[in-house]
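Have a look at the structure below before the remarks.
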Amino acid sequence: MEALFYLAPLLMIALAVFGAITVIRRSRAVNSAWSSGLTAEARCLRTYTTTSGGAGDTMVSTSLHHVYEFTTREGRTVRFEERNGPGTTLEGDIVTVHYAADNPERATAHAPARGKLAAGTGCVLAFLGVFVTFCLLFIVVAHEIFRVTDDFFP
């Protein structure tokens, strides 16, 4: 039974660390695409939405997805999908995409906004840091409770 109070928070910490790594990788990829200076005109091939939540009293969340296709300077055709793009971009529209030469599949159609990217990444990492701290505190408190209980009830 005690193991549950250690394993569950450790699993949640592992998921939070995985989430932090994912956020940092995406942030670095977008920043790399913006910093490369390489742009291309891309055509929006498809737009669609996904929804999540809505069970019981939970809020419904909708994400707008765009599928773009462009040709790199080397003549390679690249297709990529991006979440949370502008609602004004429709199928058939031409948009400017930013991409890094070494990884054009990680292109972005978002206009450069480094401050917004840093703030969003920082907020997510701060939240995950507080979450991990809470989990570690839970483990320490649970350990102390089990230690005290063992002292009184050998």
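What are the ³J(HN,Hα) values, in whole Hz, obtained from phi via the Karplus relation 6.51 cos²θ - 1.76 cosθ + 1.60 with θ = phi - 60°, for each residue of segment 15-25 in sequence order, with x given for Gly and Pro?
Result, ordered by residue: 5, 5, 5, 4, x, 5, 4, 4, 5, 5, 4 Hz.
Could you state the per residue volume, in Å³, of the convex hull enclosing the Cα atoms of the chain?
Residue-normalised Cα hull volume stands at 154 Å³.
Which longest run of the chain has no exposed loop site in it, a site being GluC sites (Glu not before Pro) in a DSSP loop with at most 15 other beta carbons within 10 Å, and the site itself not part of the run?
Counting at most 15 other Cβ atoms within 10 Å as exposed, the longest clean stretch of the chain is 1-73.
Could you compute the longest span of the chain free of trypsin sites (Lys or Arg not before Pro) located in DSSP loops and having at most 16 other Cβ atoms within 10 Å, not counting the site residues?
Result, exposed sites excluded: 77-154.
Could you tell me what % of all Cα pairs in segment 37-111 have separations over 18 Å?
That fraction is 42 percent.
Residue by residue through segment 107-118, which ³J(HN,Hα) values in whole Hz follow from phi under the Karplus form 6.51 cos²θ - 1.76 cosθ + 1.60 (θ = phi - 60°), with glycine and proline marked x?
Calculated HN-Hα couplings, in order: 5, 9, 9, 6, 5, x, 8, 5, x, 5, 5, 5 Hz.
Using the charge dipole of the chain (Lys, Arg: +1 at Cβ; Asp, Glu: -1 at Cβ; taken about the Cα centre), state which of Ala8, Thr108, Ile21 has its Cα farthest towards the positive end.
So the residue furthest toward the plus end is Thr108.
Which residue fluctuates most in the GNM of the chain (Cα springs below 10 Å): Gly19, Gly75, Gly122?
In the Gaussian network model the winner is Gly75.
Roughly how far apart, in whole Å, are the Cα centres of segment 1-15 and segment 51-96?
36 Å
So, with +1 on the Cβ of K and R and -1 on the Cβ of D and E, and no other charges, what is the size of the charge dipole of segment 21-103 about its Cα centre, to the nearest 20 debye?
It comes to approximately 240 debye.
Rule-based calculations on the coordinates, nothing more; no lab input. Just so you know, these numbers come straight off a predicted model, no measurement behind them. Glycine gets a Cβ as well: all are built from the backbone with ideal geometry, and neighbour counts include every protein chain shown.
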